[in-house]
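See structure below.
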Amino acid sequence: MEQLAPEVPDALDPKRVVGTRCRGCDRVTAGCLDRCPMCGSTSVYSVDPVNELVERPALTGASLEFVEPFEELRSVGEMAALLRN
Ligand SMILES: [Zn+2]
């Protein structure tokens, strides 16, 4: 059975979005930063935030679903989580 990769919305296109990970506290922040906004460490490096968004939840056993864009989601940053069901 062929399994297709989910289509990544334009808002998460890695060519448009950059991220920074801190070696000190492991925080991932949107944008290209030279200092961690959480702990102040300058030991940071660039990451692909789309990979982070997909891999981190998977490590906890959570599932991830990409949906078609809609206005309500756009107004909250184009991401949301269902924490309990
Ligand atoms: Zn940090």
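For this structure, a couple of remarks:
- The GluC sites (Glu not before Pro) of segment 30-85 that DSSP puts in a loop, and whose beta carbon has at most 16 other beta carbons within 10 Å, are GLU65, GLU78.
- Listed peptides 56-62, 24-30 by packing density, highest first (mean Cβ within 10 Å): 24-30, 56-62
Taken together, the values in this text are just the output of simple stated rules run on the coordinates, not laboratory data. Because the structure is a prediction, the values reported are computed rather than measured. Here Cβ is always computed from backbone atoms with ideal geometry, including for glycine, and neighbour counts include all displayed protein chains.
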